[in-house]
Amino acid sequence: MITPVRRALAVCALGAALTACATQAPQAPRAVRPAPTTTAPSASAPATLAPGPGGLTPVFTHGSRTHGRTVALTFDADMTAGQGARAAAGEHFDNPGLIAALRALKVPATVFMTGRWAEEYPDQARSLGRDPLFEVANHSYSHYAFTDDCYGLPTVSGDRMRADVERAYTAFRAAGVPNAMPYFRFPGGCYDRRALRALTPVGVTAVQWDVVSGDAFATDAEAVTRQVLEGVRPGSVVVMHCTRSAAPTTERVVRAVVPELRERGFRFVKVSELIGS
């Protein structure tokens, strides 16, 4: 989800964009268990949502507000197709310290990974994909936008959207991720009916969020922590990032947020549990 713009612009624009995106398609009312697909194989057939109006890819933003105090922390492992040179020059698009913190705190989480990130960090992708504490979901291969005017991201043409998502699943398998989930997060959170229609054959559920952490480009961990704690409600999906260079405060935020939410009676779950409950 991160793009190389100033944090002030990112935070302000993000809230507006998410509000706009959230109006594009309603959350589907029930969960179903579809047959596994060739692009997102899974031995356990994880729950997905039924197609939206007109058979469009369904969109999930949060879980039940009445079925217990659950919350899902999600982390976007962002790397665009054109950032290989920056990684080679030493920029860190990974965040091992964050993953270590989640493991130490025993917090289950969903990682929305780009295929390019999996290619750059195959050992980490494999480790996440084989650790039952985590689930790996799709954040596209290229991290190019599926709509125009999405935080300055390059865009994927309509006839390449499906291929971009499927290429990410191929990259996950090549890295050794055995069962990537049939969940997709649009780069930048930007989507429209054309994008939802393009992904219908893939059989994914699009996963958005209802709590913006504000960790993108943030330098004040306490401010991000406050924003998360003020936003979380039962069933919330929190969006954060697993990218050291563009979200350097996230590990500190997690170490502060987790004990506080547990003190408030919240239980951490993966997105799959929210969708299936």
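Each reported figure results from applying straightforward, stated rules to the coordinates on display, with no laboratory input. On a predicted model such as this, the values are computed, not experimentally measured, just so you know. In this analysis, Cβ positions are derived from the backbone assuming ideal geometry, glycine residues included, and neighbour counts consider all displayed protein chains.
Provide the packing ranking of 173-186, 192-205, i.e. peptides ordered by the mean count of other C-beta atoms within 10 Å per residue, highest first.
The densest-packed peptide leads the list: 173-186, 192-205.
What number comes out for the charge environment of ARG197, summing +1 per Lys or Arg and -1 per Asp or Glu over other residues with Cβ under 13 Å away? Working shown, then result.
On the way: positive: ARG162, ARG193, ARG194; negative: ASP159, ASP192.
After counting each charged neighbour, the total is +1.
Output the Cα-based Rg and Dmax of segment 36-154 in Å, rounding Rg to one decimal and Dmax to a whole number.
16.2, 48
How big is Rg to Rh over segment 105-224, alpha-carbon atoms, Rh as the Kirkwood inverse-mean-distance radius? Kindly include the intermediate steps, with their values, before the conclusion.
Numbers: Rg = 14.7 Å, Rh = 15.0 Å.
Ratio of gyration radius to Kirkwood radius for segment 105-224: 0.98.
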